[in-house]
Amino acid sequence: MLSGLAQAQDGAAGGSNELWLSTGFATYHFDSKKNLNDSNPGVGIEYHINDEMAVTAGRFYNSDRQHSRYAGLFYQPWTVGGVKLGAVLAAFDGYPYMRGGGWFPALIPAATWEYGRFGANLAVIPTYKERLHGGISLQLNFKMF
């Protein structure tokens, strides 16, 4: 148990207790013929628990031209060339064809790049039937402290 606590403390060093401000998203949709909204402005926050995990929440204008909220947890245990790789497990609302606009869970592959006070998240959104439109989304981040 003590070794587990020591590992947890070691993992919290560097990248822990950081608060980041996040923008909405710019999205390239896989099905470009559907007249979807590629510009998804919004605002959110990320709180970095340690180098591998961060909690996130925010609001944005989604691909179906509706307001959405999200809350989730990034888990990115791998780093390749300075890019953190993993996924975000999150809940979203505001998509009219998914549970009538209500909340739903999603597991989304994500990559994060950070340099000083600036960062970016790149996420691959899978298409789900005719309810969610797949694409690649870019989100910019700015470290507050």
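The values are calculated or read from the model by the stated rules, or taken from the named source; none is laboratory data. Keep in mind that this is a model prediction, so the values were computed, not measured. All Cβ positions, even for glycine, are placed from backbone atoms using ideal geometry, and neighbour counts span all protein chains on display.
Could you say which residue among 32, 22, 63 is among the hydroxyl-bearing types (Ser, Thr, Tyr) and over 16 Å from the mean Cα position of the chain (by Cα)?
Going through 32, 22, 63 in turn, just one is among the hydroxyl-bearing types (Ser, Thr, Tyr) and over 16 Å from the mean Cα position of the chain (by Cα): 32.
Determine, yes or no, whether residue 112 is in contact with a Gly (Cβ under 9 Å, 6 or more places away or on another chain), of a type in the set (S, T, N, Q) and over 28 Å from residue 49 (Cβ atoms).
no
I'd like the full set of residues that are surrounded by fewer than 19 Cβ atoms within 10 Å (Cβ to Cβ), more than 14 Å from residue 137 (Cβ to Cβ) and either out of contact with any His (no Cβ under 9 Å at 6 or more places or on another chain) or at pLDDT 95 or above (or both), limited to the stretch 29-48.
Passing the criteria: 32, 33, 35, 43, 45, 47.
Looking only at the stretch 53-88, count every residue that is farther than 15 Å from residue 141 by Cβ, surrounded by 14 or more Cβ atoms within 10 Å (Cβ to Cβ) and among the small types (Gly, Ala, Ser) and tell me the total.
Number of matching residues: 5.
One line per residue, one yes/no per condition, for (1) small (Gly, Ala, Ser); (2) modelled with pLDDT of 95 or more:
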site: 10; (1), (2): no, no
site: 24; (1), (2): yes, no
site: 51; (1), (2): no, no
site: 61; (1), (2): no, yes
site: 71; (1), (2): yes, yes
site: 80; (1), (2): no, yes
